[in-house]
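One structure is given below, encoded as C-alpha cells.
The values are calculated or read from the model by the stated rules, or taken from the named source; none is laboratory data. Keep in mind it's a predicted model, so treat the numbers as computed, not measured. Methodologically, a virtual Cβ is constructed for each residue, glycine included, from the backbone with ideal geometry; neighbour enumeration extends over all protein chains shown.
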Amino acid sequence: MFSLSLHCLPQDEDYLIAELAECGIAGITEEPGGLRAFFEDEAGAETLLERFAQYRPVLDHVASIDWEQATRDAWPPLRIGERFYLVAPWSEDETPEGRLRLEIEPGMACGTGRHPATQVCLEALEKHIRPGMSVLDVGTGSGILALAAQLLGAGRVAGCDVDPDSVGIARARIGVNMFVGSIDAVQSESQDLIIANIDSPALEALAPEMKRVRAPSSRLILSGFPEWDVPEGFQPVERLQREEWVCLIC
C-alpha cells in the first residue's frame, strides 16, 4: 500500500477528489495544503505520479489502514449556515433539531460541500428560496445545491452539467431532474432562481442565457470565484463572503 500526497488550492479540491476516485483509491483524507490519497496496488504508482505531476505529488509507503474508520474520521458531519447538517451517507449522527440533513457522497463528483464557495451558496439558498419556486442549478456537479434547494421547499428543481459522469452520479443519488447540457436548453423566462457555482469566465459567457431564462422578479446566486476575480456584467443586490470566496445575489 502507498499514499500520494498532492498539493492543491482549496478551489481545486473537489475536482481533484473526483479525479482520484476514478483511479481506484482505497481512501482519501484532507490535509493542510492539499489531499492525501491511498492506493492498494503499487504497480500503478509511476502512472499516478505522471498524471498528477502538476500537484507536486509525494509518494509514501504506508502500513495497512482501517479504511472504514479512516474514511469516517476524514468526513465528519458539518453544520452549514442556519439550516443544513452536511453528512456522508454512512453517518449515524442524528440530525440536530431545526436542521436539514444534506447527504453527499464524498469523492463521487465535484461538490462535497466542504469548499467555502459551496458553503456560501448554501447560506444564500437559505435566505432566498421560497416554497414552490422553480430553481435551476447550472454546473450541478454532485447535485448538492439542487438537493439543498429541494430540501428548502423549492417546487421544481433541475440541475445541468456538461459532464455526463457527474449527471449520472447526481441522478443516482438525489431525486432531482438532472440533464447533460447547459442553460441554453432551458425554456425562456422559466426560472425563479438560478444558482451557478462555477468560475468567472464561465459565468460571464453564460450571462445572456441567464437573462433569457430568468422569470420576472427572479434571483441569481453566483459563486465559484475569489474576491479578486468577480465576474463582470452582473448587478448584485447582496454580497456574501467566506474566506476569499464571494457569492453575489443579483
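Residue count for the stretch 235-250, restricted to those that are in contact with a Leu (Cβ under 6 Å, 6 or more places away or on another chain) and part of a loop (DSSP other than H, G, I, E, B): 2.
Give 189, 244, 209 a once-over and let me know the one that is among the charged types (D, E, K, R), at pLDDT below 95 and not assigned by TED's automatic domain parsing to the domain that holds residue 9.
Details: 189 fails: at pLDDT below 95; 209 fails: at pLDDT below 95.
Checking each option against the conditions leaves just 244.
Counting just the residues of the stretch 13-39 that are acidic (Asp, Glu) and touching a strand residue (DSSP E or B) at 6+ places or on another chain (Cβ under 9 Å), which one comes out nearest to residue 243 (Cα to Cα)? Only one residue tops the list, namely 13. Residue count for the stretch 1-12 under the criterion of being assigned to a helix (DSSP H, G or I) and either of a type in the set (A, V, I, L, M) or more than 22 Å from the chain's Cα centre (by Cα) (or both): the result is 0.
Only one of the numbered conditions (1) surrounded by 20 or more Cβ atoms within 10 Å (Cβ to Cβ); (2) out of contact with any Asp or Glu (no Cβ under 7 Å at 6 or more places or on another chain); (3) at pLDDT 95 or above; (4) of a type outside the set (D, E, K, R) is violated by residue 174, and that is (3).
Looking at the structure I just gave you, is residue 203 crowded, with 22+ Cβ neighbours inside 10 Å and either assigned to a helix (DSSP H, G or I) or modelled with pLDDT under 95 (or both)? It would help to see each step written out before you state the result.
Details: crowded, with 22+ Cβ neighbours inside 10 Å: yes; either assigned to a helix (DSSP H, G or I) or modelled with pLDDT under 95 (or both): yes.
So residue 203 passes the test.
Which of the residues spanning the stretch 1-40 are touching a Ser or Thr at 6+ places or on another chain (Cβ under 9 Å) and hydrophobic (A, V, I, L, M, F, W, C)? Hits for the stretch 1-40 are 1, 17, 18, 23, 28, 35, 37, 38, 39. Considering the stretch 131-153, the residues that are in contact with a helix residue (DSSP H, G or I) (Cβ under 7 Å, 6 or more places away or on another chain) and in a loop (DSSP other than H, G, I, E, B) include one that is surrounded by the fewest Cβ atoms within 10 Å (Cβ to Cβ), namely 152.
Quick check on the stretch 13-46: of everything there that is assigned to a helix (DSSP H, G or I), buried (at least 16 other Cβ atoms within 10 Å of the Cβ) and in contact (Cβ under 8 Å) with a residue 40 or more places away in the chain, which residue is nearest to the chain's Cα centre (by Cα)? I'd like the intermediate steps shown before the answer.
So the first thing to find is which residues in the stretch 13-46 are assigned to a helix (DSSP H, G or I), and the list is 13-21, 42-46.
After this cut, where a residue has to be buried (at least 16 other Cβ atoms within 10 Å of the Cβ) as well, the list is 13-14, 16-21.
With the extra rule that they be in contact (Cβ under 8 Å) with a residue 40 or more places away in the chain, the set shrinks to 13-14, 17-18, 20-21.
Values: 13: 10, 14: 7, 17: 11, 18: 11, 20: 16, 21: 15 Å.
Taking the candidates together, the pick is 14.
One residue alone among 148, 172, 158 is out of contact with any Phe, Trp or Tyr (no Cβ under 8 Å at 6 or more places or on another chain) and among the hydrophobic types (A, V, I, L, M, F, W, C), and that residue is 172.
Quickly run through the stretch 207-222 and pick out the residues that are in a helix (DSSP H, G or I) and out of contact with any strand residue (DSSP E or B) (no Cβ under 7 Å at 6 or more places or on another chain). Don't jump to the end; show me each part of the working.
Going residue by residue through the stretch 207-222, those that are in a helix (DSSP H, G or I) are 207-213.
Once the filter is applied, which keeps residues that are in a helix (DSSP H, G or I) and out of contact with any strand residue (DSSP E or B) (no Cβ under 7 Å at 6 or more places or on another chain), the stretch 207-222 yields 207, 208, 209, 211, 212.
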